[in-house]
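Please read the structure below before turning to the comments.
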Amino acid sequence: MNGILIDGLSFALPLFIMAIGGIYCEKSGVTMLAVEGLQGFGAFVGAFAAVLAAGGFSGSSQVPFYIAILCAAVGGGLFALLHALLCLRFQANQVISGVVVNIMAMALTAYLTKLLNRLLFGATSDKFVLTVSYRFTVPGLSRIPLLGAVFTNVYPFEVIIVAVAFVAWFVMYKTRFGMHLRACGDNPHAVDAAGRQVNRIRLAAIVICGALSGLGGICFAYSISANFSASIYVGYGYLAIAALIFGNWRILPTLGACLLFGFARSGGYKLVQVLQMPSSYQDLVMILPYVLTLLLLVFFSKQNGSPRALGEIYDKGAR
Amino acid sequence: MKNKNKIWNAVKIPLLAILCSLVAAGVIIALTGSNPFRAYYALLQGSGLAPKAAYANYKSMLTDLFSYVNYFTPMIFAALAVAVALRAGLFNIGVSGQMLAAGFTATVLVGYSGLGAVAAKPLVILIGMVVGGLAGALVGFLKYRFNINEVVSTIMLNYIFQYVISFLINTYFVDPVSRQSVEVSAASRLTLMDTQAGNLKIDIPLGILVALAAVVLVWILFDKTKLGYELKAVGFSRSAARYAGIRVGRCMVLSMTISGMLAGLAGVTYYLGYMGSIQPKVLLNTGFDAIAVSLLGSNNPFGIIFSTMLISLISKGSTYMRSTAGVDTEIASVITGIILLFSACSAYIRHRLERRRSEKAQTAKEDR
Amino acid sequence: MGEEYIVEMRHITKRFPGIVANDDVTIQIRKGEIYALLGENGAGKSTLMSMLFGMYEPDEGEILIRGEKVKIESPNHATRLNIGMVHQHFKLVSNYTVAENIVMGMEPVKKVLGCIPVVDIKKANSDIRALSEKYGLAVNPTDVIENINVSTQQRVEILKMLYREAEILIFDEPTAVLTPQEIDFLLEIIKGLREKGKTIILITHKLEEIKRIADRCAILNRGKLIDVLDVAETSTRVMANLMVGREVSFETEKKPADFGKVVLDVSNLNVFNKQEFQVVKNVSFQVHEGEILAIAGVAGNGQVEIADAIAGLMPVRSGKIVLNGEDITGASIRERTLKGISYIPEDRQNYGVVMDFTLSENLALKNYFKEPFCRKGMLDNRAFEENSRRLIEKYDIRSGQGSGTVVRSMSGGNQQKAIVGREIELASPLMIFVQPTRGLDIGAIENIHRQMIAERDRGRAILLISLELDEIMNCADTIAVIYNGELQKIASAGSLTTNQVGEFMMGVRQKETEKSTAGKSEAGKEAAGKSATGKGTAGKSEAGKEAAGRSVTGKGTAGKSETGKEAAGKKVTGKGAEEKGGGEE
């Protein structure tokens, strides 16, 4: 039971932070299908930074890990500028732009990983090897029955994510910037009339989305795969999008969706283990979140809370 | 004369996008210390469009050319699938999933059946169309009946297909050596592999004939038929189409069905033509690249032939490029990515050019 | 000299591709007055004010605010100069509260933990409450925009200006979306603002509003300033003639009607909208061959839903629709078209045409599936071309590249001509015209009226739905008045005066109870007293002076109807005409 909670949480939280990124972007009125690409590119930059930095620290040092997290967020944010360029400057279709950004991210990271490995380390490898992050257990709290699992074997990034998520929520709902951002997704003309620049706000939202996605990506790299390669693109970005749709574009319900996805996954894995089924049955578990999302949409599509101006290109001239 | 102008107008912006991309990628190649011209020439050589310095036994430029055609056939179908949906105003992001579903079903039902070639090959094509069509129709139905955005439902279905089929393959059909699905029978294969022709051994892709037929049929559908008129009307304006008495829901389901059928054909020509087996847990990029290919071809069936050939040329030739020009194969997808990037902006560039032209015409008029 | 005026726009010229929107226009506005800009659609009023509000820059000329020459670069800049504008299309965030909308961009901020700035929504609410009380603009700061009605939303827009301390308030066609009672209320608000020292610029084409509240009035025609008048000393007739640029004629030639058999028989029709709100209540009427039956009503009272239900675009909850003796209540849209319904919809850009189709494709939108356009599922391009050439000629549809023109690039008037031509060519026994002249210029309006009457004379049954009372008085043989989804009255056109129709439109004739009625019926009485007219079938009537103005109100439709000016009905007249688009420039 504890295992399910621990593993579920460590999967759900990176997913959650990526979904928040998606919410930021979509709440500002820009369709975001590029979470996957931003996650991957951010993770790539973070992993590269970690590998570079690793030489300067002792093997057990955790500093490279924090450097990686920072760089992943920066890398994701920078790569998101591509989506911003296509959507805002060139007014490209936002769905197409998202697909193109994903393709581009995958191509670039695969190419660069190989190139950098060869040029800098003289190795023919298509991955950056990372250490698995250490974990800690909060003494005392972890003894609480059931809930104690939340404080057991915690990855440090989980704490970071919870903190960042809180800040993201606060900014979105309590500050002027958040207020303008949400307004952009409903009626950009109103924001313009209020003297704020719609495209600047959307640019910020897209970059934030990139940074949060990169953060989520590096967390996956450190927890699940312990290395970075182009194969890290395994659909978590789209899963995050599913979560935010499930959560109706609101942060707290989206957390619920992510936890559901996380526990369904870890619970399913556990079940496969306990029943001693072949590991291929895990694949069946993996479809759960997607099936759930589809079913949910079938039953609740009427009260779909997507932002009203989502996907619309804002042209100041048009009245 | 007028016609020529029209074609030139349609073609010049994609051409510009390609040119810009080749230059940009050339710079990257040059920066990593290789000769971009040699690299590009190697792409042509690898695809059988230019002679290589030497050929192994039973091989020649023709062998490479046929294998190139074999390679790009599924992409033609996939890009057509995207284009058909897009004309009716829908995004089919689920081409990869539909390909997998169709390929898997045909593999299990026909590939492992021991049927003779005459029965098996048409059956494979038929099953591909039916399964792909059903998968597409489901998306259209969800959109029409429950108002579920097709982008969302196709992404969800992609993963559902991917994991379920991966489970089935690993449980029932896995080849323990290759860790892929067991290879399909030669009789069911849509590509005649290693066929002796003169002193050569070539792979003859039968699918390309179907693909070319599909191109013509899609063109006729949109340019000459009542159904095409209705689909386009729905794509441009659902409300106006409804007002005109067109059954919008039926059109959406139909266009997704046709799109799915084409995706299914892409699936069988890939899995039972080019590959012969299915790798579990892997969703092809073909379906996503197809969106870009279709875009680059301006959603026009004939344009799609050219954009498919171009994009495929780059990825197909990349292996040979690595061996002769020393450029990583991964650069191929980077070049493709840059082309896509530029073509995604093409609508805007076209719009700007048109506006400038009309403004110029305006001032010219006033000056007079 | 200069200090006397708070706003001066001198020798302003603004060109757009193809037209000169403003041609050497000079206006001078005094502090504390209500200054009206009067003109037809396309006269250049909105463009002129857009320049004052910083949305465009003038090509020539200069702007002075409080005697100082300024170059207004953006709406933000205009706001800093204490200029505010209420646009025709409100710019409100639908899921935000009233207060959030008003303060957006200038939110009160408080510090949390002494350093983190957050929006102080409590202060915003109390600020807005105080502001709304100060100006008598009742709003509840915590209501969400999507739950409040249009006139409250408009008050929110006004408060937005006042919150930004605007001194110069521009109103762009503010009454277009309001009901008559709401118009009365708004005009009172505007007067109140003047008393508080604000300067008000009112863009409108409704003479009656100007007469009621404006001090001075500038008249624009085709981009040129025609005259600036003192409202108190000028008759509406003079204003009308100046606005239109010629003597307004009120007559549309029309033979007496000759009714044949019943074509459309609607009985006990009930329609609910998507929100499960009943929009049409137990409506019954008949339309005969050779009859124009017009449904009059204030926008949003269910008349468009009646048309949609007859055409099959909206489901019928209960009741029966019979066309030429055949029950078509459950028939599909296509079946109804084939059985003989032509339909010119209200929203031409979203329904009437496929904007990205070519003209020839659009001209066959209702019969592309029939011979000669289509044989065995295959289309014949030549048939499309031929059909389009014929209609372009016959209906004088102008476009850049003839049949091959993409309709999006055509002007609204020509799009409408294409729709009207296409629908008339169907030669259906029943033709439904909804707002057929919305946003068109006078010439085009007269043309469409002529065609409609010609079709009537050919024995078609015509259902006309219009928000322009003048249009209805001018064309109809029978008038049905709808209020709140119910038909209040059906009578032959000759037996009703405009005033009476107006009263039915507001539901006053029926119930004399609610408090809102009080003010309204007063207005009605006043109107009746002044106008004395009533327009018979015969056409014009005396009424002379004020009357003329009124008809022009509805953009010069003119018609025989004169009627009194203030008549309740009149207010309704121009209303709705330009909701959504279509309108100016």
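In the stretch B:302-317, what residues are more than 17 Å from B:L22 (Cα to Cα) and surrounded by fewer than 24 Cβ atoms within 10 Å (Cβ to Cβ)?
To start, the set of residues in the stretch B:302-317 that are more than 17 Å from B:L22 (Cα to Cα) comprises B:302-305.
Answer for the stretch B:302-317, where residues must be more than 17 Å from B:L22 (Cα to Cα) and surrounded by fewer than 24 Cβ atoms within 10 Å (Cβ to Cβ): B:F302, B:G303, B:I305.
Do you know which residues across the stretch C:406-415 are touching a Ser or Thr at 6+ places or on another chain (Cβ under 8 Å) and either assigned to a helix (DSSP H, G or I) or modelled with pLDDT of 90 or more (or both)? Spell out the reasoning first.
Quick first cut of the stretch C:406-415, residues touching a Ser or Thr at 6+ places or on another chain (Cβ under 8 Å) only: C:406-407, C:409-410, C:414.
Once the filter is applied, which keeps residues that are touching a Ser or Thr at 6+ places or on another chain (Cβ under 8 Å) and either assigned to a helix (DSSP H, G or I) or modelled with pLDDT of 90 or more (or both), the stretch C:406-415 yields C:V407, C:S409, C:N414.
Go through the stretch C:462-479 residue by residue and tally those that are at pLDDT 85 or above and within 14 Å of C:V434 (Cα to Cα).
So the answer is 8.
If A:D186 meets every condition in (1) within 12 Å of chain C (Cβ to nearest Cβ); (2) under 27 Å from A:A72 (Cβ atoms); (3) of a type in the set (D, E) apart from one, which number is that one?
Going through (1) within 12 Å of chain C (Cβ to nearest Cβ); (2) under 27 Å from A:A72 (Cβ atoms); (3) of a type in the set (D, E) one by one, A:D186 breaks only (2).
Filter the stretch A:189-203 down to residues that are assigned to a loop (DSSP other than H, G, I, E, B) and out of contact with any helix residue (DSSP H, G or I) (no Cβ under 6 Å at 6 or more places or on another chain) and give me whichever is farthest from the other protein chains (Cβ to nearest Cβ). Let's see the steps before the verdict.
Going residue by residue through the stretch A:189-203, those that are assigned to a loop (DSSP other than H, G, I, E, B) are A:194-197.
Now restrict to residues that are out of contact with any helix residue (DSSP H, G or I) (no Cβ under 6 Å at 6 or more places or on another chain): A:194, A:197.
Values: A:A194: 3, A:Q197: 10 Å.
Among them, the one singled out is A:Q197.
Determine whether B:S47 is out of contact with any strand residue (DSSP E or B) (no Cβ under 6 Å at 6 or more places or on another chain), polar (S, T, N, Q) and modelled with pLDDT of 85 or more. Before you say what the answer is, go through the steps one by one.
On the way: out of contact with any strand residue (DSSP E or B) (no Cβ under 6 Å at 6 or more places or on another chain): yes; polar (S, T, N, Q): yes; modelled with pLDDT of 85 or more: yes.
Considered against the rule, which asks whether it is out of contact with any strand residue (DSSP E or B) (no Cβ under 6 Å at 6 or more places or on another chain), polar (S, T, N, Q) and modelled with pLDDT of 85 or more, B:S47 comes out as yes.
Starting from the stretch A:257-281, take each residue that is within 14 Å of chain B (Cβ to nearest Cβ) and buried (at least 17 other Cβ atoms within 10 Å of the Cβ) and list its partners that are basic (K, R) and part of a helix (DSSP H, G or I), counting only C-beta distances under 9 angstrom and pairs at least six apart or across chains.
If the second residue must be basic (K, R) and part of a helix (DSSP H, G or I), no pairs are left.
What helices (runs of 4 or more DSSP H) completely inside the stretch C:422-507 contain at least 3 residues that are more than 21 Å from the chain's Cα centre (by Cα)? Working first, answer last.
Details: elements: C:442-457, C:469-475, C:498-505.
Counting at least 3 such residues, we get C:442-457.
Looking at the stretch B:1-23, I want the residues that are modelled with pLDDT of 85 or more and have a partner that is part of a helix (DSSP H, G or I) and surrounded by 14 or more Cβ atoms within 10 Å (Cβ to Cβ) with Cβ atoms under 7 Å, at least 6 apart or on another chain. Which pairs are those?
Filtered contacts from the stretch B:1-23: B:I18/B:L310; B:I18/B:I339; B:C20/B:F342; B:S21/B:I335; B:S21/B:I338; B:S21/B:I339; B:S21/B:F342.
Going residue by residue through the stretch B:109-125, is there one that turns out to be over 20 Å from the mean Cα position of the chain (by Cα), of a type in the set (S, T, N, Q), more than 27 Å from A:A240 (Cβ to Cβ) and modelled with pLDDT under 90?
Among the residues of the stretch B:109-125, at least one is over 20 Å from the mean Cα position of the chain (by Cα), of a type in the set (S, T, N, Q), more than 27 Å from A:A240 (Cβ to Cβ) and modelled with pLDDT under 90, which makes the answer yes.
Within the stretch B:153-162, restricting attention to residues that are more than 20 Å from the chain's Cα centre (by Cα) and crowded, with 23+ Cβ neighbours inside 10 Å, which residue is nearest to the other protein chains (Cβ to nearest Cβ)?
Result: B:M156.
Where in the stretch B:179-288 are there helices (runs of 4 or more DSSP H), lying fully within it, with 3 or more residues that are more than 14 Å from chain C (Cβ to nearest Cβ) and surrounded by fewer than 22 Cβ atoms within 10 Å (Cβ to Cβ)? Talk me through it step by step, then tell me what you get.
Values: elements: B:207-224, B:226-236, B:238-243, B:248-269.
So the answer is B:207-224.
What single numbered condition from (1) buried (at least 17 other Cβ atoms within 10 Å of the Cβ); (2) over 22 Å from C:M51 (Cβ atoms) fails to hold for C:V112?
Of the numbered conditions (1) buried (at least 17 other Cβ atoms within 10 Å of the Cβ); (2) over 22 Å from C:M51 (Cβ atoms), the odd one out for C:V112 is (1).
Is the stretch C:236-257 home to any residue that is within 25 Å of the chain's Cα centre (by Cα) and modelled with pLDDT of 85 or more?
Within the stretch C:236-257, not a single residue is within 25 Å of the chain's Cα centre (by Cα) and modelled with pLDDT of 85 or more.
In the list C:V156, C:V228, which residue meets the criterion of being over 15 Å from C:E33 (Cβ atoms) and at pLDDT 90 or above? Reasoning before the result, please.
Numbers: C:V228 fails: over 15 Å from C:E33 (Cβ atoms).
The unique qualifying residue is C:V156.
Residues checked against (1) more than 9 Å from chain B (Cβ to nearest Cβ); (2) surrounded by 19 or more Cβ atoms within 10 Å (Cβ to Cβ); (3) over 28 Å from the mean Cα position of the chain (by Cα):
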{"residue": "C:V322", "(1), (2), (3)": "yes, no, yes"}
{"residue": "C:I344", "(1), (2), (3)": "yes, yes, no"}
{"residue": "C:M355", "(1), (2), (3)": "no, no, no"}
{"residue": "C:L363", "(1), (2), (3)": "yes, yes, no"}
{"residue": "C:Y368", "(1), (2), (3)": "no, yes, yes"}
{"residue": "C:I392", "(1), (2), (3)": "yes, yes, no"}
{"residue": "C:S399", "(1), (2), (3)": "yes, yes, no"}
{"residue": "C:S411", "(1), (2), (3)": "yes, no, no"}
{"residue": "C:Q416", "(1), (2), (3)": "yes, yes, no"}
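Would you point out which residue out of B:A53, B:A25 is over 30 Å from B:V268 (Cβ atoms), buried (at least 17 other Cβ atoms within 10 Å of the Cβ) and of a type outside the set (F, W, Y)? Talk me through it step by step, then tell me what you get.
On the way: B:A53 fails: buried (at least 17 other Cβ atoms within 10 Å of the Cβ).
B:A25 is the lone residue from the list that is over 30 Å from B:V268 (Cβ atoms), buried (at least 17 other Cβ atoms within 10 Å of the Cβ) and of a type outside the set (F, W, Y).
Name every residue in the stretch C:480-511 that is among the aromatic types (F, W, Y) and either modelled with pLDDT of 85 or more or surrounded by fewer than 24 Cβ atoms within 10 Å (Cβ to Cβ) (or both), in order of residue number.
Result: C:Y483, single match.
Within the stretch C:170-184, how many residues are in contact with a Ser or Thr (Cβ under 7 Å, 6 or more places away or on another chain) and modelled with pLDDT of 85 or more?
Residues flagged as in contact with a Ser or Thr (Cβ under 7 Å, 6 or more places away or on another chain) and modelled with pLDDT of 85 or more within the stretch C:170-184 amount to 1.
Out of the residues in the stretch B:135-148 meeting the condition of being buried (at least 19 other Cβ atoms within 10 Å of the Cβ) and within 8 Å of chain A (Cβ to nearest Cβ), tell me which one is farthest from A:S306 (Cα to Cα).
Result: B:L142.
Residues B:A50, B:A101, B:A119, B:A78: which one is among the small types (G, A, S) and assigned to a loop (DSSP other than H, G, I, E, B)?
Details: B:A101 fails: assigned to a loop (DSSP other than H, G, I, E, B); B:A119 fails: assigned to a loop (DSSP other than H, G, I, E, B); B:A78 fails: assigned to a loop (DSSP other than H, G, I, E, B).
None of the other options fit; the residue is B:A50.
Results for (1) out of contact with any His (no Cβ under 8 Å at 6 or more places or on another chain); (2) within 14 Å of chain B (Cβ to nearest Cβ); (3) over 30 Å from B:I291 (Cβ atoms); (4) not β-branched (V, I, T), shown as yes or no for each residue.
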{"site": "A:P64", "(1), (2), (3), (4)": "yes, no, yes, yes"}
{"site": "A:A73", "(1), (2), (3), (4)": "yes, no, no, yes"}
{"site": "A:S97", "(1), (2), (3), (4)": "no, yes, no, yes"}
{"site": "A:T113", "(1), (2), (3), (4)": "yes, yes, no, no"}
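Mind checking which residues of the stretch A:282-299 are over 20 Å from the mean Cα position of the chain (by Cα), under 15 Å from B:Y163 (Cβ atoms) and at the interface with chain B (Cβ under 7 Å from one of its Cβ atoms)? If you could, list the steps in order and put the result at the bottom.
Of all residues in the stretch A:282-299, those over 20 Å from the mean Cα position of the chain (by Cα) come to A:282-285, A:291, A:294-299.
From what's left, under 15 Å from B:Y163 (Cβ atoms): A:282-285, A:291, A:294.
Once the filter is applied, which keeps residues that are over 20 Å from the mean Cα position of the chain (by Cα), under 15 Å from B:Y163 (Cβ atoms) and at the interface with chain B (Cβ under 7 Å from one of its Cβ atoms), the stretch A:282-299 yields A:D283, A:L284, A:V291, A:L294.
Among the residues in the stretch A:44-51, are any within 14 Å of chain B (Cβ to nearest Cβ), surrounded by fewer than 22 Cβ atoms within 10 Å (Cβ to Cβ) and over 25 Å from A:F166 (Cβ atoms)? Please lay out each step first, then the result.
Taking the stretch A:44-51 as the starting set, the residues that turn out to be within 14 Å of chain B (Cβ to nearest Cβ) are A:44.
So of that shortlist, the ones also surrounded by fewer than 22 Cβ atoms within 10 Å (Cβ to Cβ) come out as none.
Looking through the stretch A:44-51, none of the residues is within 14 Å of chain B (Cβ to nearest Cβ), surrounded by fewer than 22 Cβ atoms within 10 Å (Cβ to Cβ) and over 25 Å from A:F166 (Cβ atoms).
Hey, can you tell me all the residues within the stretch C:269-294 that are surrounded by fewer than 16 Cβ atoms within 10 Å (Cβ to Cβ) and over 25 Å from the mean Cα position of the chain (by Cα)?
Residues satisfying the conditions are C:E276, C:N282, C:S284.
For the stretch C:326-342, how many residues meet the condition of being more than 10 Å from chain B (Cβ to nearest Cβ) and either part of a helix (DSSP H, G or I) or among the hydroxyl-bearing types (S, T, Y) (or both)?
Count: 4.
I'd like to check which strands (runs of 3 or more DSSP E) are fully inside the stretch C:136-249 and have at least 2 residues that are among the acidic types (D, E). Talk me through it step by step, then tell me what you get.
On the way: elements: C:168-172, C:199-204, C:216-221, C:224-230.
Here the list reads C:224-230.
Filter the stretch B:202-245 for residues that are touching a residue at least 12 places away in the same chain (Cβ under 8 Å), more than 18 Å from C:N381 (Cβ to Cβ) and charged (D, E, K, R) and give the result.
Listed by number, the residues that qualify are B:D203, B:R238.
The values are calculated or read from the model by the stated rules, or taken from the named source; none is laboratory data. Since we're looking at a predicted model, the values are computed, not measured. All Cβ positions, glycine included, derive from the backbone under ideal geometry; neighbour counts span all protein chains shown.
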